[in-house]
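Each remark here refers to the structure printed beneath this line.
The values are calculated or read from the model by the stated rules, or taken from the named source; none is laboratory data. No experiment lies behind these values; they were computed from the predicted model shown. Because the Cβ atoms are built from the backbone with ideal geometry, glycine has one as well, and the counts that use them run over all protein chains shown. Quick note on the areas: whole protein, heavy atoms, side chains included, nothing else; ligands and nucleic acids left out. Shrake-Rupley method; radii C 1.70, N 1.55, O 1.52, S 1.80 Å.
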Amino acid sequence: MSFRFDYRRYRLPFRTPMRAANRNWLEREGWIVRLEAEGAGIGWGEVAPIPEFGTEELEEDAEAVRVFGKSVTQAEIASIPGKLTCLRAGLQAAVSDASAGQTGDDARRVPEFLPVAALLPSGRRVLAAAAPLVESGFRVFKWKVGVADLGDELGLLDDLLAAMPAGSKLRLDANGAWDRRQAERWLERCADRPIEFVEQPVAAGAPGSEDLLLGLAGDYPTPLALDESLVRAGDVDRWLGAGWPGIFVVKPSLFGGADGALGQLAAVKARVVFSSALETAVGARSALRTAFAWPGPQLALGFGVWPLFADPRFDGPAAAPFVRRTDVEQIDPEVVWNALG
Ligand code: MG
């Protein structure tokens, strides 16, 4: 099948800077992709690499699509090199969007809604931020740690847990900021506390980091989750092969195009968290559709990010304790496209 291919580039300031382990992130860059096929619908996708995360650069994607010109075939999309992980994910999402409703997929039983984790700010601000989120009904929370002084953060942990209603779940995300000793201190502290999981305690990619993650996962009772460790085609395969006992954070906008990765996770009934890559409503629509189509149980979505952009036309559905499938289907990619016209 051949598609008319078009894309628009965006550079969007965040409403408030996103602070994580070792960066202060001010804006998001990417493309909105539009595919149109004769006899099929229009398909929308988003290409939103995060090079600091280990993805390709947007310039590499621009180089790769130059050969497409005004049209692209499904075979050309399938032959995009695996290292252009976000380009593959965005274009494949657009292809399946273009054929949505024609494959009979919609008849499958999918949930009407999925729970969402609220995103808490790093550092001391966490306490003031938690109260209104508790009030609005959230019961799963994610706190970015590894940003402030370790002792201060450990002290805040108990204050934060005390502020959460009984039965709440708290997940921590270190974004790879800790070394072994720091990770051990945290995991000792978490051991007898209701921590749902600790995400990426140590950095991905450093020599020995895979053994360190596997060792920590075996030594402490709190489950660990891989996030930055899962970027490229082959990462899921490798971690499954290594017997990773913890959770897999799936960012469909990053490795959703990796052949078979989601199928592999589903086949072994892996514990997964579908998560935002801080994309616009267009990428979020594809990513959330992927989450709704997941065949088994899943942990609360990591999509409590909106409002995210200074210009609200680019936002997905406002963060709430649950996202409904109808909220996702009501996202209109054309609004985002036109806003970039
Ligand atoms: Mg993370």
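For segment 1-138, the square roots a ≥ b ≥ c of the C-alpha gyration tensor eigenvalues yield an a/c of 1.5 or more together with a/b not exceeding b/c, which makes the shape oblate. 3J(HN,Hα) couplings calculated from phi for segment 26-34 with the Karplus curve 6.51 cos²θ - 1.76 cosθ + 1.60 (θ = phi - 60°) are, in sequence order, 9, 8, 10, 10, x, 10, 9, 10, 10 Hz; Gly and Pro show x. Scanning residues 5 or more positions from F141 or on other chains, those with amide H under 5 Å from its amide H are A118, K169, L170, R171, with H placed 1.01 Å from N in the peptide plane. Once Lys and Arg get +1 and Asp and Glu get -1 on their Cβ, which of A284, G218, W186 lies farthest toward the positive end of the dipole of segment 181-285? With unit charges placed on the Cβ atoms, the residue in question is A284. Near the amide H of I42, within less than 5 Å, lie no amide hydrogens of residues on another chain or at least 5 residues away, with H placed in the peptide plane. Taking the helices alone, the chain has a mean residue ellipticity at 222 nm of -9500 deg cm²/dmol, built from -39,500 (n - 2.57) per DSSP H run of at least 4 residues and averaged over all its residues.
Quick one: ranking Y220, Y7 by accessible area, 1.4 Å probe, largest first, what do you get? Don't skip to the answer; put the middle values down first.
Details: Y220 40, Y7 75 Å².
I get Y7, Y220, largest accessible area first.
Database remark: amide H of V323 closer than 5 angstrom to the amide H of L114, V116 (H placed geometrically; neighbours at sequence offset of 5 or more, or on other chains; Pro and chain starts carry no H). In this view, the solvent-accessible surface of R4, computed with a 1.4 Å probe and all protein chains in place, comes to about 150 Å². A simple rule links phi to the HN-Hα coupling: the Karplus curve 6.51 cos²θ - 1.76 cosθ + 1.60 with θ = phi - 60°, which for segment 204-220 gives 7, x, 5, x, x, 5, 5, 5, 4, 4, 5, x, 4, 4, x, 8, 10 Hz, with x for Gly and Pro. Across segment 321-327, computed HN-Hα scalar couplings (Karplus, 6.51 cos²θ - 1.76 cosθ + 1.60, θ = phi - 60°) run x, 9, 10, 8, 4, 5, 4 Hz from first to last residue, x flagging Gly and Pro. In straight-distance terms, cross-link reach from K269 covers every one of the lysines whose alpha-carbon lies under 28 Å from its own, apart from those fewer than eight places away in the same chain; here that gives K83, K142, K144, K169, K251.
Placing E36, E135, E63 in order of accessible area, with the largest value first and a 1.4 Å probe, yields E135, E63, E36.
Compactness of the chain is given as radius of gyration and Dmax, 19.7, 61 Å, from Cα positions. The figure for T55 is an accessible area of roughly 20 square angstrom, using a 1.4 Å probe on the protein chains alone. Surface calculation, 1.4 Å probe, protein heavy atoms: K83 sits at approximately 120 Å² accessible.
First check a/c for segment 144-258, with a ≥ b ≥ c the square roots of the eigenvalues of its C-alpha gyration tensor; if it is under 1.5, answer rounded, and if not, answer prolate when a/b is larger than b/c or oblate otherwise. Prolate, because a/c is 1.5 or more and a/b exceeds b/c. Between D327 and R185, the modelled label-to-label distance comes to 3.7 nm, taking each label 7 Å out from Cα in the direction of the beta carbon.
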